[in-house]
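As structure tokens, the structure follows; a few thoughts come after it.
Readers should treat all values here as calculations from the given coordinates under stated rules, not as data from a laboratory. Just so we're clear, the structure is a prediction, and the values are computed from it rather than from any experiment. In this analysis, Cβ positions are derived from the backbone assuming ideal geometry, glycine residues included, and neighbour counts consider all displayed protein chains.
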Amino acid sequence: MSLRRRTLILAILALPVAGTILRPALAEEPEIYAPSGVAISGYDPVAYFMAKKPVQGQADHALRWRGATWYFASAANMEAFEMNPAAYAPQYGGYCAYAVSRGSLSASSPEAFTIHGGRLYLKSSTAIRTVWGKDMDGNIEKADGNWPGLSGN
């Protein structure tokens, strides 16, 4: 790998992620990334699978799961989630999957998503999603190994 390419990659990795610097998890971090108590910034987790894009949920279709409020675009999507939340909830509690693969917790962006192997992965930005995608399976393996220690489970 050229020095220029290596320097560019290191510069990208050193950037703050979605306004949050990567940091090791603290015991106080909640299991679900839910600013203001709302998971995925109010986006419908089921819609990522059905519509293949982020869809804003509605407060009149909401439920609580794992200490966070989840919004849905329809009653049918809310019911699907209620029947099997693990099938639709983002991996790693909705934190940035790339950060988890590096042993840290960071904010995620609803627009920076990937569905891989039937699972939803959120990242902090579309630029980080691109980096994540260069070794998705390797990053998932690392994140899967890091998540229990980061989530306190």
### Task
Please order Trp65, Trp132, Trp147, Trp70 by the number of other Cβ within 10 Å, starting at the fewest.
Trp65, Trp147, Trp132, Trp70
### Message
Report, to one decimal in Å, the Kirkwood hydrodynamic radius for the range 83-148 based on all distinct Cα pairs.
### Response
11.5
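Mind putting a number on the dipole of the range 33-87 about its Cα centre? Charges go on the C-beta only, +1 for Lys and Arg and -1 for Asp and Glu, and I need it in Debye to the nearest 20. Can you show the working numbers first?
Working: 4 positive and 4 negative charges, 38 e Å.
Dipole magnitude for the range 33-87 comes out near 180 debye.
Stokes-Einstein D for the range 33-87 at 37 °C, 0.692 mPa s, Kirkwood Rh over Cα pairs, in µm²/s?
Values: Rh = 10.8 Å.
My calculation gives 305 µm²/s for D.
Ala76 to Thr126: FRET efficiency via 1/(1 + (r/R0)^6), r the Cβ-Cβ distance, R0 22 Å, to the nearest 0.05? Please report the intermediate quantities before stating the final value.
Working: r = 29 Å, r/R0 = 1.32.
Once rounded, the FRET efficiency stands at 0.15.
Taking the Cβ of each residue in Thr69, Thr130 as the centre, tally the other Cβ atoms inside 10 Å and list the residues starting with the fewest. Provide the component values of the computation, followed by the final result.
On the way: Thr69 17, Thr130 12.
Fewest-to-most Cβ neighbours within 10 Å comes out as Thr130, Thr69.
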### Query
Over the range 18-153, what relative contact order in percent results from Cα pairs under 8 Å that are six or more residues apart?
25
